[in-house]
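Data first, discussion second: the structure below is written as structure tokens.
The values are calculated or read from the model by the stated rules, or taken from the named source; none is laboratory data. Predicted model only: the values in this text are computed from it and were never measured. As a convention, Cβ positions derive from the backbone with ideal geometry for all residues, glycine included, and neighbour counts pool all protein chains shown.
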Amino acid sequence: MDIRPNTVSLAEGFTVLREAARIESFQPHMHLRGKAMMVEALLPSGQKQVISLVSDFNFNWMTTYVYADDAAPLLPKGTIVHLIGFLDTTPANRNPADPRDQGFFDMKGVASDAARGSTGESCFL
């Protein structure tokens, strides 16, 4: 993704679960341009479910959010995991790189790693 200077934009990644999976944790990872990150499941039934949302990302305090056993999402085979990163290169971002600089961002590795689990195995986002 081409990140334009002085803009608020988003980067997306998608992956399809080849087998049923349990999501164990989520760790948003963006650099100084990161503003927020969301993971949603697009279920085979057509329903959309937000799995995680970190609305005030802080690069200096990256956390892995681990689901409690009774709260870990169980997703059926065929679910599309949709990862969305919100980026801010404006002066309003309190931690920006120089907002005049253009940058690049690639989410495909993040999304493709999200769904390696199979039945009985766990996935980590």
Search result, residues across region 66-80 that are in contact with a Ser or Thr (Cβ under 9 Å, 6 or more places away or on another chain) and over 16 Å from VAL54 (Cβ atoms): ALA72, PRO76, LYS77, ILE80
- prompt: When region 25-39 is examined, which residues are found to be within 14 Å of the chain's Cα centre (by Cα) and surrounded by 17 or more Cβ atoms within 10 Å (Cβ to Cβ)?
  reply: PHE26, PRO28, MET30, GLY34, LYS35, ALA36, MET37, MET38, VAL39
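Scanning for something of a type in the set (D, E, K, R), loosely packed, with under 13 Cβ neighbours inside 10 Å and either at pLDDT below 85 or part of a helix (DSSP H, G or I) (or both), does region 76-97 turn up at least one residue?
Going through region 76-97, the residues of a type in the set (D, E, K, R) turn out to be 77, 88, 94.
Narrowing the set further to residues that are loosely packed, with under 13 Cβ neighbours inside 10 Å leaves 94.
From what is left, the residues that are either at pLDDT below 85 or part of a helix (DSSP H, G or I) (or both) are 94.
Yes, region 76-97 has at least one match.
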- prompt: Which of the following residues is among the acidic types (Asp, Glu) and within 13 Å of PHE86 (Cβ to Cβ): GLU24, GLU12?
  reply: GLU12
